[in-house]
Amino acid sequence: MAGSQTPLGRFWADFRDNRIAIVALVIVLALGLLALLAPLIVPQNPYDMAHLSLLDARRPPGYVGSGGYIHYLGTDPQGRDLLSAIFYGLRISIMIGLAAGSVALVLGTAVGIFAAYAGGRLEAMLMRVIDLQLSFPAILLALVLVALLGQGKGQLISALVAAQYAYFARTAYGAARGERHKEYIEAALATPLSGSRVVLRHLLPNCLPPLIVVATVQIANAISLEATLSFLGLGLPVTEPSLGMLISNGFPYMMSGRYWISVYPGIALIILIVAINIVGDQVRDQFNPRLRR
Amino acid sequence: MLGFIIQRLLQASVVMAVMSVIVFVGVYAIGNPIEIVIPPDAPQDIRAETIRRFGLDLPLWQQYFIFLSNLVQGDFGRSFIYNMPVLDLIAGRLPATLELVMISILTATVGGVSLGVYAGYRPDSWLSRLIMALSVLGFSVPSFWVGLILILTFAVNLGWLPAGSRGEVVTVFGVGWSFLTLNGLSHILLPALNLAFFKLAMMIRLARAGTREVMLTDTIKFARAAGISEGRILRRHVLKLIAIPIITVFGLELGSTLAFAVVTETIFSWPGVGKLIIDSITVLDRPVMVAYLILTALLFVLINLTVDLVYAVIDPRMRARGA
Amino acid sequence: MSPVTRPVLEVRDLQTHFETREGVVKAVDGVSFTLNQGEIIGLVGESGSGKTVTGFSLLGLVDPPGRIVGGSVRLNGAELVGLPDKQLRRRRGREIAMVFQDPIATLNPLLTIRQQMFMALQAHQSLSGKAMEARCVEVLHKVGIPEPAARLHAYPHEFSGGMRQRVAIAIALLHDPAVIVADEPTTALDVSIQSQILHEMRSLTAQSGTAMIWISHDLATVSSLATRLLVMYAGRVVEEGPVARVLRAPRHPYTQGLIASLPATSKPGEALAQVPGTTPSMLSLPPGCPFAPRCFKADELCTQPPPVQTADDRLWRCHHPLNTPDPRAPA
């Protein structure tokens, strides 16, 4: 029972025990780093139309292109180096996932906690709406919103947020309701501290664990959703290809054996999503006392 | 029990009414509906004429009421693109989607529950660990990717199964079903598998978690103490006890299966309602969008209602409470 | 006096260990006793003493990571330890049955009583539906359920706590087992119901000659029912003997502590006596006698494992026993 440990220290020690989770975490961080540094490390800027040549289009992995360097993963129908395109695609996918996830987190938490405090009919009505939205599949909602709002980063993120905030709202509501009646909150409310101060400094930190779990899952979901939307042609514009769009670009070529155009971006996407999910699973297991043996 | 049903029906009607407003306002109020029907450089009088013909010059709430009254008569309007009644359009494509969804749900549930119960009964066997690892994949991997891999493996590389479109159709009760022919089955196999993947993974995890929890309860110990065989215990006690959470998820996931049919139908060029909606969204064929959304909402409400009723049948305690 | 009774259950040096990540827990460490026909043994101890695991071991129902590692359990002459599960199952419910603590947890809320009783019957016999119903009604009547034929079709949640436990007992009686192991069967019930059920259990077993092992932490309940008392501590039996004599003159300090902490034995207005200290962690037992840290008679001798001593139908495991008539016993 040793330990200097702060809760964070203990958390980390337990997390470390699960080797698969550690590997997953490393992968996520590595991919994040790659995405961040993409402009600096790629041989070719996939957005720079001036440097693309159609002569390089649809070439298999290992081909030496007109730029003079090896296309390790081949090229796509526009002649882009697939490796570079994948790095940039990662960058966009992660960015959108994080953006949508964080906005949904803030918005959903605010709604959930507000509902827990509003009480009475307002609370019941709000929760009914949230439940309704939860039972409606996110993809349909996102589809329709994207269709109506048009294409573009802001619109895409808004659509994703609208599709996902309900999960956060539900979780925050449940946590806030549980904590609200605990004695430390009643004690805090009895002091001159204003209500919102109590919420921010006492209630919120104790609602965080389940929210963090939901956040990791939802970020992975957002990335997956964005990829699906892009695949269907409803995501970002063609000038900023995310991983989903790269995959969709390559789809028609799969039948003729030029699989790499779709498969490699796909593998990158899968690794990203699965790694995030594994980390999320581990975080969730750690916060659940019942599963700890 | 009757009171329970009536209460639920009332709730359902309210939800439907609200949904119809939201859908209508959402689809018709954002953007300019007239854009796709006439070219942007059309002369002013043709614009005005078209606007009037489609009733788009009326205030929104009036448009809504016209829409609503038409709806009740079963008239969902005409598609802007196909210029035929939306209902006929949807009805024509419905059987394809229905059979796809049915087969995939069946596969996912039967397969998922069996595998999950096994994984929960013998959690430490290598097979169980394999099943759980695969289920994580099933969860995380976006379904369009699964479809891609399926096509790549089975259609392109192995050449066993066709890569898309629907097979031969046999007409039963005036409707064409393709799963009744061998050729049709070979066409439906991959898309159904693709659609089932996510649900399969979810069922496996649920069944496993439920089984593990139940196996540790005193109910099972007591049954064992009475000398009842393990097989009997699994069938009569465990399955019934895990049924409730599984049915909940089954109902919820039914909706998302329908939603993901959209993706699957696109990848496999399956001529169903899902592909229709994608095409409609891409070209902004609003009447079709509205009709699809409202029908989907109706379906959800019905599904929720059915799930509630099934609960009441399975769990006698619910009957006592809800009445 | 009484006819010669034959032993139905003979337990010799039973050992059940749990192999956990932190070490081996010897939940049952060398328990031995003999149960005769019609006899009721009270198995008493704190939580963690190993009494429940002993009960489970008798039926072969110990969950992993626990398992029986040694000893012998003879039921009606047949050895149970080492038998494959299939053969154990044939005896469970038929020759030896178990009643658990909380009937809400043991009865499946989604099945009717009839369905659950039928399942228990069909585990060992194939009878017609009518014959099964007749038997169920008979047994329900025996345990005191009013209108048994109608109540058969009810669900568990439609019964009160006491009635539910009677149903569980009825299920245990279905095949007229030779032994019933009851693990804290009245602990979850109201005090008034407790004494009712105790009384009924006593007459039931007297009538049918069923032997019982009544496991409990409550000395008071057990002593009104049992003929023999077994006191367990840290996986071992520390005292055994006929109930009246053990209660009147306990030999082991722990037993004396238990008796002294009963409300009935303290004077009104006085603080209740307690056995000082807490249950030991089974992972770090002291060498020698496990009770030593809490015992007022402990000394250096107690770091050696205490010897088992027997004298006319009593047994105790202590270096410094109390109330012994033997003049050679240490003071």
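Would you mind getting the accessible area per residue of segment C:129-208, heavy atoms of the protein chains only, 1.4 Å probe, in Å²?
Details: 3360 Å² over 80 residues.
Averaged over the residues of segment C:129-208, the accessible area is 42 Å².
Measure off, as a whole percent, the carbon and sulfur share of the 1.4 Å-probe accessible area of segment A:65-165, all protein chains present. Before the final figure, lay out each step's value.
Details: 2620 of 3730 Å².
After summing per-atom areas, the C and S share lands at 70 percent.
List every residue whose amide H lies under 5 Å from the amide H of B:Phe80, counting only residues 5 or more places away in sequence or on a different chain, with H placed 1.01 Å from N in the peptide plane.
Amide H neighbours of B:Phe80, under 5 Å, 5+ apart: B:Arg286, B:Val288.
For segment C:185-331, what is one quarter of the convex hull surface built on the Cα atoms, given in nm²?
On the way: hull surface 43.1 nm².
Convex hull of Cα atoms, orientation-averaged projection: 10.8 nm².
Output the residues of segment B:187-226 meeting this criterion: accessible area (heavy atoms, 1.4 Å probe) in the chain alone minus accessible area with all protein chains in place is 50 Å² or greater.
B:Asp218, B:Thr219, B:Lys221, B:Phe222, B:Arg224, B:Ala225, B:Ala226
In square angstrom and rounded to 100, what buried accessible area do you get between chains B and A, total over both, with the probe at 1.4 Å? Don't skip to the answer; put the middle values down first.
Working: alone 17880 and 15620 Å², together 30310 Å².
Result for this pair: about 3200 Å² buried.
Could you work out which residue, out of C:Pro321, C:Pro287, C:Pro185, moves most in a Gaussian network model of chain C, that is, has the largest mean-square fluctuation with Cα springs under 10 Å?
The residue that fluctuates most here is C:Pro287.
So for the protein assembly as shown, what percent of the C-alpha to C-alpha distances run longer than 57 Å? If you can, show how the numbers build up before the last one.
Values: 127655 of 447931 pairs.
Result for the distance tail: 28 percent.
Taking K and R as +1 and D and E as -1, what net charge do the other residues with C-beta under 9 Å from the C-beta of C:Arg89 add up to?
+3
How large is the accessible surface per residue of segment B:91-282, computed with a 1.4 Å probe and reported in Å² as a whole number? Let's see the in-between values first.
Values: 7670 Å² over 192 residues.
Normalised by residue count, the accessible surface of segment B:91-282 is 40 Å².
Mind pulling the per residue volume of the convex hull built on the Cα atoms of segment B:91-282? Å³ is fine. Before the final figure, lay out each step's value.
Values: hull volume 26.8 nm³, N = 192.
Once divided by residue count, the hull of segment B:91-282 is 139 Å³.
With charges set only on the Cβ (+1 for Lys and Arg, -1 for Asp and Glu), what does the dipole of chain B come to about its Cα centre, in debye to the nearest 20?
Values: 24 positive and 19 negative charges, 315 e Å.
Roughly 1520 debye for chain B.
Show the residues, 5+ positions off or on another chain, whose built amide H is closer than 5 Å to the amide H of C:Val69.
C:Gln15, C:Thr16, C:His17
Angle between the Cα long axis of helix B:286-314 and the longest principal axis of chain B, 0 to 90 degrees, nearest 10?
30 degrees
How large is the charge dipole for the protein assembly as shown, taken about the Cα centre, if only the Cβ atoms of Lys, Arg (+1) and Asp, Glu (-1) carry charge, to the nearest 20 debye? Don't skip to the answer; put the middle values down first.
On the way: 77 positive and 64 negative charges, 314 e Å.
Dipole size: approximately 1500 debye.
Ignoring ligands, DNA and RNA, what percent of the 1.4 Å accessible area of segment B:91-282 is carbon and sulfur?
Details: 5380 of 7670 Å².
Carbon with sulfur: 70 percent of the solvent-accessible area.
Buried by at least 50 Å² relative to the chain on its own: which residues of segment B:229-274 qualify, computing accessible area with a 1.4 Å probe on protein heavy atoms?
Listed by number, the residues meeting the 50 Å² cut-off are B:Arg232, B:Arg236, B:His237, B:Lys240, B:Ala259.
Among C:Ile104, C:Gln165, C:Thr205, pick out the residue whose Cα is farthest towards the positive end of the charge dipole of chain C, where Lys and Arg carry +1 and Asp and Glu carry -1 on C-beta, about the Cα centre.
Farthest towards the positive end: C:Thr205.
Highest first, please rank the peptides C:141-154, A:202-215 by the mean number of other Cβ atoms sitting within 10 Å of their residues. Kindly include the intermediate steps, with their values, before the conclusion.
Working: C:141-154: 15.6, A:202-215: 18.1.
Listed from highest to lowest mean packing, they are A:202-215, C:141-154.
Order the following by accessible area, largest value first: A:Trp260, B:Trp61, B:Trp177. Probe radius 1.4 Å; ligands, DNA and RNA are ignored. Don't skip to the answer; put the middle values down first.
Values: A:Trp260 20, B:Trp61 160, B:Trp177 60 Å².
Ranked list, largest accessible area first: B:Trp61, B:Trp177, A:Trp260.
Would you give the gap between the C-alpha center of segment B:135-196 and the C-alpha center of segment B:204-240, rounded to a whole Å?
Value for the Cα centre distance between the two parts: 35 Å.
Express in Å², to the nearest 10, the accessible area of B:His187 obtained by rolling a 1.4 Å probe over the protein heavy atoms while all chains stay in place.
Estimated to the nearest 10 Å², B:His187 gives 30 Å².
Which value, in Å² and to the nearest 10, is the accessible area of B:Leu60 when all protein chains are kept and the probe is 1.4 Å?
Here the residue's solvent-accessible area equals roughly 70 Å².
Taking a ≥ b ≥ c as the square roots of the Cα gyration tensor eigenvalues, with a/c under 1.5 meaning rounded and otherwise prolate when a/b beats b/c, else oblate, which class fits segment C:55-177?
Values: a/c = 2.40, a/b = 1.72, b/c = 1.40.
Here segment C:55-177 falls in the prolate category.
Using the Kirkwood radius built from alpha carbon pairs, what does the Stokes-Einstein equation give as D for chain B at 25 °C and 0.890 mPa s, in µm² per second? If you can, show how the numbers build up before the last one.
Working: Rh = 22.7 Å.
The calculation lands on 108 µm²/s.
Return the Cα extents of segment A:127-278 along principal axes one, two and three, sorted largest first, each rounded to a whole Å.
Principal extents (largest minus smallest coordinate, Cα): 72, 33, 26 Å.
Take the cross-link list C:Lys86/C:Lys142; C:Lys51/C:Lys297; B:Lys221/C:Lys51; B:Lys240/C:Lys142 and give me the ones stretching past 28 Å between alpha-carbons. Before the final figure, lay out each step's value.
On the way: C:Lys86/C:Lys142 30 Å; C:Lys51/C:Lys297 25 Å; B:Lys221/C:Lys51 17 Å; B:Lys240/C:Lys142 30 Å.
Table pairs above 28 Å Cα-Cα are C:Lys86/C:Lys142; B:Lys240/C:Lys142.
Using alpha-carbon positions, what is the distance between the centroids of segment A:216-293 and segment C:180-222, in Å?
Segment A:216-293 and segment C:180-222 have Cα centres spaced 61 Å from each other.
Please report how far the C-alpha centroid of segment C:58-84 lies from that of segment B:60-103, rounded to the nearest whole angstrom.
Measuring centre to centre over Cα atoms gives 68 Å.
Using a 1.4 angstrom probe and counting only protein chains, how large is the accessible area of B:Thr248 in Å², to 10?
That residue has around 40 Å² of solvent-accessible surface.
Could you sort the residues of segment A:134-178 by number and keep only those whose accessible area is reduced by 10 Å² or more in the all-protein-chain setting relative to the chain alone, 1.4 Å probe?
Buried-area filter returns A:Ser135, A:Phe136, A:Pro137, A:Ile139, A:Leu140, A:Leu143, A:Val144, A:Ala147, A:Leu148, A:Leu149.
Which FRET efficiency value, to the nearest 0.05, is calculated for C:Glu200 and C:Leu262 with the Förster distance at 30 angstrom and r the Cβ-Cβ distance?
On the way: r = 23 Å, r/R0 = 0.78.
E(calc), rounded to 0.05, equals 0.80.
For the protein assembly as shown, what is the mean residue ellipticity at 222 nm derived from helices alone (per DSSP H run of n ≥ 4: -39500 (n - 2.57); sum divided by total residues; nearest 500 deg cm²/dmol)?
Values: 34 runs with 531 residues, N = 947.
That comes out to -18500 deg cm²/dmol.
Charges on Cβ only, +1 for Lys and Arg, -1 for Asp and Glu, centred on the Cα centroid of segment B:91-282; of B:Ala108, B:Val170, B:Ser128, which one is farthest towards the dipole's positive end?
B:Ser128
Quick query: amide H of C:Val308 versus all other amide H atoms, modeled in the peptide plane; which residues come in under 5 Å with a sequence gap of 5 or more or a different chain?
Placed amide hydrogens put nothing under 5 Å from C:Val308.
On the accessible surface of segment C:198-331, probed at 1.4 Å, how many percent belong to carbon and sulfur atoms?
On the way: 3810 of 6600 Å².
Carbon-and-sulfur percentage of accessible area, whole number: 58.
Of B:Phe144, B:Phe4, which has the most accessible area and how do the rest follow, probe 1.4 Å?
Sorted descending by solvent-accessible area, the residues read B:Phe4, B:Phe144.
How long is chain C along each principal axis, judged by its Cα atoms, biggest number first, in Å?
67, 50, 47
Using a 10 angstrom cutoff on alpha carbons, build the Gaussian network for chain C and name the most mobile of C:Gln115, C:Gln165, C:Gln274.
So, out of C:Gln115, C:Gln165, C:Gln274, the one fluctuating most is C:Gln274.
Which whole-number percent is the relative contact order of segment B:91-282 (Cα, under 8 Å, 6+ apart)?
Details: 245 pairs, mean separation 64.0, N = 192.
For segment B:91-282, the relative contact order is 33 percent.
Return a whole-number percent for the relative contact order of segment A:172-239, with Cα pairs under 8 Å and 6 or more residues apart as the contact set. All intermediate terms of the calculation are to be shown ahead of the outcome.
On the way: 24 pairs, mean separation 20.0, N = 68.
Normalised by residue count, the contact order of segment A:172-239 is 29 percent.
For segment C:98-161, give the magnitude of the charge dipole about the Cα centre (Cβ charges: +1 Lys/Arg, -1 Asp/Glu; no others), in debye to the nearest 20.
Details: 5 positive and 5 negative charges, 35 e Å.
The calculated dipole for segment C:98-161 is roughly 180 debye.
Sorted by accessible area with a 1.4 angstrom probe, largest first, how do A:Leu243, B:Leu180, B:Leu68 fall? Spell out each step's value before the answer.
Numbers: A:Leu243 0, B:Leu180 90, B:Leu68 50 Å².
Largest accessible area first, the list is B:Leu180, B:Leu68, A:Leu243.
In square angstrom and rounded to 100, what buried accessible area do you get between chains B and C, total over both, with the probe at 1.4 Å? Present the calculation step by step, with values, prior to reporting the outcome.
Working: alone 17880 and 15960 Å², together 31390 Å².
Buried area between the two chains comes out at roughly 2400 Å².
Please compute the contact order of chain C in relative form: average sequence separation of alpha-carbon pairs under 8 Å and at least six residues apart, divided by the residue count, as a percent.
Numbers: 595 pairs, mean separation 67.1, N = 331.
Once normalised by length, the contact order is 20 percent.
The values are calculated or read from the model by the stated rules, or taken from the named source; none is laboratory data. Source: prediction; values computed, not measured. Every residue, glycine among them, receives a Cβ derived from its backbone with ideal geometry; neighbour counts consider all protein chains shown. What goes into the accessible areas is simple: the full protein's heavy atoms, side chains included, and nothing from ligands, DNA or RNA. Shrake-Rupley method; radii C 1.70, N 1.55, O 1.52, S 1.80 Å.
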